[in-house]
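First up is the structure itself, then whatever we jot down about it.
The values are calculated or read from the model by the stated rules, or taken from the named source; none is laboratory data. Bear in mind the structure is a predicted one, so any value in this text is a computation, not a measurement. Every residue, glycine as well, gets a Cβ built from its backbone with ideal geometry; the counts of neighbours run over all protein chains shown. Surface areas here come from the heavy atoms of the whole protein model, side chains and all, with no ligands, DNA or RNA. Shrake-Rupley method; radii C 1.70, N 1.55, O 1.52, S 1.80 Å.
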Amino acid sequence: MTAFDQDPAPDRSPVDEALRRWLTAAVAVTGGVALLLLLGVTVVEVVARHLFGAPLLGAEDLTSMGLTVLVAAAVVCAAQEGTHVSVELIERFAGRRVTRATDALARVLGAAAAAVTAFALFANGSCGIECGEVTGTIAIMHTPFYYALGACMATYSLLLASRLIQGRASREEDDSRARGI
């Protein structure tokens, strides 16, 4: 992770900080509930299958939808905490100025891609049952999961955009950290 990726916390207002914490906590709790659902369904499925010889009907549907929510939550939490994987090859060879430009370009492209993805997810989710978007075994409608993924991708897009804006405002701070000041 480059210094440009780190959160410039001193530049944030208390309201902005509280909103980010609330958002991250809400998404983390949602992901945690999905993880507990996955754990519970898996345990019940294994016990039912091996002890009683009766697999849980719809276990695959429940786990796939739970995993969808878990991954969506993980994208937002990782973006907020700055824990996405990054490789610092460009900075080694081209220096900090080029890295700043490539980081900004990556954020713009990432924010645009996440926004387009969110739009597509909301559009697909609005189709609902008419389009036959249900799971195979117990016919769980995909609509709320499309909306959950769309909301998380929209949030990710906004986080990238806010980091881009904050990155421009805090370049002097990044320079002083790089020099060890």
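Here are some notes:
- Restricting the stretch 84-108 to residues that are of a type in the set (Asp, Glu) and surrounded by 13 or more Cβ atoms within 10 Å (Cβ to Cβ), the residue that is nearest to residue 73 (Cα to Cα) is 103.
- Residue count for the stretch 109-154, restricted to those that are open to solvent by less than 70 Å² (accessible area, probe 1.4 Å), aliphatic (A, V, I, L, M) and not in a loop (DSSP other than H, G, I, E, B): 15.
- Residue 163 being of a type in the set (D, E, K, R) and either at pLDDT 80 or above or outside any helix (DSSP H, G or I) (or both): yes
- Output for the stretch 61-93, where each listed residue is charged (D, E, K, R) and within 23 Å of the chain's Cα centre (by Cα): 61, 81, 88
- As a summary of the residue check, residue 1 satisfies the conditions (1) within 18 Å of residue 156 (Cα to Cα); (2) open to solvent by 80 Å² or more (accessible area, probe 1.4 Å); (3) at pLDDT 85 or above except for the one numbered (3).
- Subset of the stretch 46-99 [small (Gly, Ala, Ser) and under 30 Å from residue 133 (Cβ atoms)]: 48, 54, 58, 59, 64, 66, 72, 73, 74, 78, 79
- Being farther than 22 Å from residue 71 by Cβ and at pLDDT 90 or above holds for only one residue in 116, 98, 108, and it is 108.
- Pairing residues of the stretch 19-31 that are more than 14 Å from residue 159 (Cβ to Cβ) with residues that are open to solvent by less than 50 Å² (accessible area, probe 1.4 Å) and among the small types (Gly, Ala, Ser), at Cβ distances under 6 Å and at least 6 apart in sequence or on separate chains, gives 30/73; 31/73.
- Residue count for the stretch 58-70, restricted to those that are in contact (Cβ under 8 Å) with a residue 60 or more places away in the chain and open to solvent by 40 Å² or more (accessible area, probe 1.4 Å): 3
- Whichever residue in the stretch 69-108 is of a type in the set (A, V, I, L, M) and part of a loop (DSSP other than H, G, I, E, B) and, among such residues, is nearest to residue 155 (Cα to Cα): 85
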